[in-house]
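Nothing in this text is a laboratory measurement; each read-out follows from the coordinates by a stated rule. Just so it is clear, the model here is predicted, and its values are computed rather than measured. Glycine also receives a Cβ, built like all others from the backbone with ideal geometry; neighbour counts cover every protein chain displayed.
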Amino acid sequence: MGIGDKIQNAAEEAKGKAKEGIGDATNNPDLKAEGKGDQAGANLKQAGENVKDVFK
């Protein structure tokens, strides 16, 4: 996994956490759910990259 991919995945996860926090603070369930989805997507990408690293 390249350092650029790690940074990009971490940024996407942070963006998701921010969206979730804002959605929670503003009582916006759609934004909160979108934030959780962004975090899940970032975690899946990280897991896929880790699997690729194992087989290198």
For helix 29-54, report the angle its Cα long axis makes with the longest principal axis of the Cα atoms of the chain; keep it between 0 and 90° and round to the nearest 10°. 10 degrees
Considering the chain as a Gaussian network with a 10 Å cut-off on Cα pairs, which listed residue, Ala40, Ala14, Ala25, attains the greatest mean-square fluctuation? Ala25
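When only Cα pairs under 8 Å and 6 or more residues apart are kept, what is the percent relative contact order across the chain? Display every interim value, and only then the final one.
On the way: 51 pairs, mean separation 22.2, N = 56.
The value is 40 percent.
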Per-residue ellipticity at 222 nm for the chain, helices alone: DSSP H runs ≥ 4 residues times -39500 (n - 2.57), over residue total, nearest 500 deg cm²/dmol? -31000 deg cm²/dmol
Scaled radius of gyration (Cα, divided by 2.2 N^0.38 Å) that the chain gives: 1.30
Over 23 Å between alpha carbons, listed pairs Lys6/Lys56; Lys15/Lys56; Lys17/Lys45; Lys36/Lys56; Lys6/Lys36; Lys6/Lys52: Lys15/Lys56; Lys36/Lys56
Taking the 0 to 90 degree range and rounding to the nearest ten, how far is the long axis of helix 3-25 tilted relative to the main principal axis of the chain, both from C-alpha atoms? 20 degrees
Quote to one decimal, in nm, the extra length available between Asp24 and Lys6 on full extension: 0.36 nm per residue of separation minus the C-alpha distance between them. 3.8 nm
Of Gln8, Ala40, Val51, which is farthest on the positive side of the dipole of the chain, counting Cα position, with +1 on Lys and Arg Cβ, -1 on Asp and Glu Cβ, and the Cα centre as origin? Val51
If the only charges are +1 at each Lys and Arg Cβ and -1 at each Asp and Glu Cβ, what is the size of the charge dipole of the range 7-56 around the Cα centre, to the nearest 20 debye? 140 debye
